[in-house]
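Asks: Next up is a structure, given as structure tokens.
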Amino acid sequence: MTRFLQSLLASIALLAGMSGVQAQQAAQPPFATTKVEGTDNVYIFRNGGHQAMFVVTNGGVIATDPIAYGRPTGGQTYVDEIRKVTDKPIKYVIYSHHHFDHVAGGKALKDAGAIFVAHRRAKERLEVLKDPHTVIPDEAVSDKGRTITLGGTTLELTYHGLNHSDSSLVMRLPKERIIFVVDTIPVGQVPGRGMIDFHPLESEAFIQKVLAMDWDRLIPGHPGPGGRLGTKKDAQDQLALLQAASAEMKTLAQAGKCWDTAEKEFKLADYASWPGYANNLQFVARRYCGLWGRGT
């Protein structure tokens, strides 16, 4: 097969994938709440291209990220969606990390009586930034983690070092064998703008630690293709993508080609059919150029 024909077929596959993703997004309502299949009390609230997990227990609701950045009524929408499921009080809101696109807009949840919890670094950062749309956490989780038990449900909060941020918590429901991990492990797609403050080498170690945990399904902070949940295979695939990106850019950077030349030559052909490849490859390239071309 000629190089031209290989490129042509890859382009056709990429365009077909993009068309499918765009059609799926266009067909979706602006927000939705779904019960996780096979569970009695675990739900996903999606608002636009973001999503959060909430758990209904006999003692009340454990919610996660408000996901209301740029959505003035998003927090109230989240409360209203919870109220469609249960009238039990919202006891906790757990921040996955400190980035505003996930944690802004929680006032309605705070007004409903929730205690806000985050990793200590998230609390420290948010106290400095004082964003008017983001509730400052009431309680901080140390690097040793914390377990929340409410109404017969156990939720483990663990910290595994630097990754997409320096403040990310992995949330695990041991009985349901489900984890909620935001941004560091996208499901079946190429990571995008969030690469700007991503910790590349540390993220590889983070994913390996998550893979060693006991779980079957992963709820991501952004919907995966078709809205499906992630598996350990998805985490392994994302790790492989990061390792491939690192190796490819390392060669270009150490040849003195960062920034412009390296970014133009940077390709990950094995992932050309993945959603997000065309739009997001530039962000992956820029971050790894920073690592191997600048040492940052």
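Asks: Would you please name the residue that is farthest from the chain's Cα centre (by Cα), looking only at residues in segment 241-296 that are closer than 19 Å to PRO225 by Cα and open to solvent by 40 Å² or more (accessible area, probe 1.4 Å)?
Replies: Applying the filter and picking the extreme gives ASP270.
Asks: When residues of segment 114-168 are filtered for being in a loop (DSSP other than H, G, I, E, B), small (Gly, Ala, Ser) and under 17 Å from ASP183 (Cβ atoms), how many remain?
Replies: 4
Asks: Can you pull out the residues in segment 176-203 that are free of Cβ contacts under 8 Å to residues at least 40 places away in the same chain and of a type in the set (Asp, Glu)?
Replies: Matches in segment 176-203: ASP197 only.
Asks: Would you be able to say whether some residue in segment 218-226 is more than 27 Å from ARG286 (Cβ to Cβ), in contact (Cβ under 8 Å) with a residue 60 or more places away in the chain, small (Gly, Ala, Ser) and open to solvent by 30 Å² or more (accessible area, probe 1.4 Å)? Write out each step before concluding.
Replies: So in segment 218-226, the residues more than 27 Å from ARG286 (Cβ to Cβ) come out as 219, 226.
Right, trim to in contact (Cβ under 8 Å) with a residue 60 or more places away in the chain and you get 219, 226.
The next check asks that each one be small (Gly, Ala, Ser); those that pass are 226.
Now narrow it down to the ones that are open to solvent by 30 Å² or more (accessible area, probe 1.4 Å): 226.
Yes, some residue in segment 218-226 is more than 27 Å from ARG286 (Cβ to Cβ), in contact (Cβ under 8 Å) with a residue 60 or more places away in the chain, small (Gly, Ala, Ser) and open to solvent by 30 Å² or more (accessible area, probe 1.4 Å).
Asks: I'd like the full set of residues that are touching a Leu at 6+ places or on another chain (Cβ under 6 Å) and assigned to a loop (DSSP other than H, G, I, E, B), limited to segment 195-207.
Replies: HIS199, the sole residue that qualifies.
Asks: Look at ALA108 and say whether it is in contact with a helix residue (DSSP H, G or I) (Cβ under 7 Å, 6 or more places away or on another chain), at pLDDT 95 or above and either buried (at least 23 other Cβ atoms within 10 Å of the Cβ) or part of a strand (DSSP E or B) (or both).
Replies: Details: in contact with a helix residue (DSSP H, G or I) (Cβ under 7 Å, 6 or more places away or on another chain): yes; at pLDDT 95 or above: yes; either buried (at least 23 other Cβ atoms within 10 Å of the Cβ) or part of a strand (DSSP E or B) (or both): no.
For ALA108, the condition - in contact with a helix residue (DSSP H, G or I) (Cβ under 7 Å, 6 or more places away or on another chain), at pLDDT 95 or above and either buried (at least 23 other Cβ atoms within 10 Å of the Cβ) or part of a strand (DSSP E or B) (or both) - is not met.
Residue-by-condition table, conditions (1) under 18 Å from LEU229 (Cβ atoms); (2) in a loop (DSSP other than H, G, I, E, B); (3) touching a strand residue (DSSP E or B) at 6+ places or on another chain (Cβ under 7 Å):
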| site | (1), (2), (3) |
| --- | --- |
| THR39 | yes, yes, no |
| ARG46 | yes, no, yes |
| GLN51 | yes, no, yes |
| VAL61 | no, no, yes |
| TYR69 | no, yes, no |
| PRO72 | no, yes, no |
| GLU81 | no, no, yes |
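Asks: Looking at ALA10, ALA23, ALA27, which one is hydrophobic (A, V, I, L, M, F, W, C), surrounded by 11 or more Cβ atoms within 10 Å (Cβ to Cβ) and at pLDDT below 95?
Replies: The match here is ALA10.
Asks: Name the residues in segment 169-194 that are open to solvent by less than 10 Å² (accessible area, probe 1.4 Å) and either in a strand (DSSP E or B) or under 13 Å from TYR95 (Cα atoms) (or both), would you?
Replies: If the condition is that a residue be open to solvent by less than 10 Å² (accessible area, probe 1.4 Å) and either in a strand (DSSP E or B) or under 13 Å from TYR95 (Cα atoms) (or both), then LEU169, VAL170, MET171, LEU173, ILE178, ILE179, PHE180, VAL181, VAL182 are the ones that fit.
Asks: Using the structure shown, decide if SER203 is of a type in the set (Gly, Ala, Ser), crowded, with 16+ Cβ neighbours inside 10 Å and touching a Lys or Arg at 6+ places or on another chain (Cβ under 9 Å). Break it down stepwise before answering.
Replies: Working: of a type in the set (Gly, Ala, Ser): yes; crowded, with 16+ Cβ neighbours inside 10 Å: yes; touching a Lys or Arg at 6+ places or on another chain (Cβ under 9 Å): no.
Answer is no for this residue.
The values are calculated or read from the model by the stated rules, or taken from the named source; none is laboratory data. Being a predicted model, the structure only gives us computed values, none of them experimental. All Cβ positions, glycine included, derive from the backbone under ideal geometry; neighbour counts span all protein chains shown. These area figures cover heavy atoms from the full protein model, side chains too; ligands, DNA and RNA do not enter into them. Shrake-Rupley method; radii C 1.70, N 1.55, O 1.52, S 1.80 Å.
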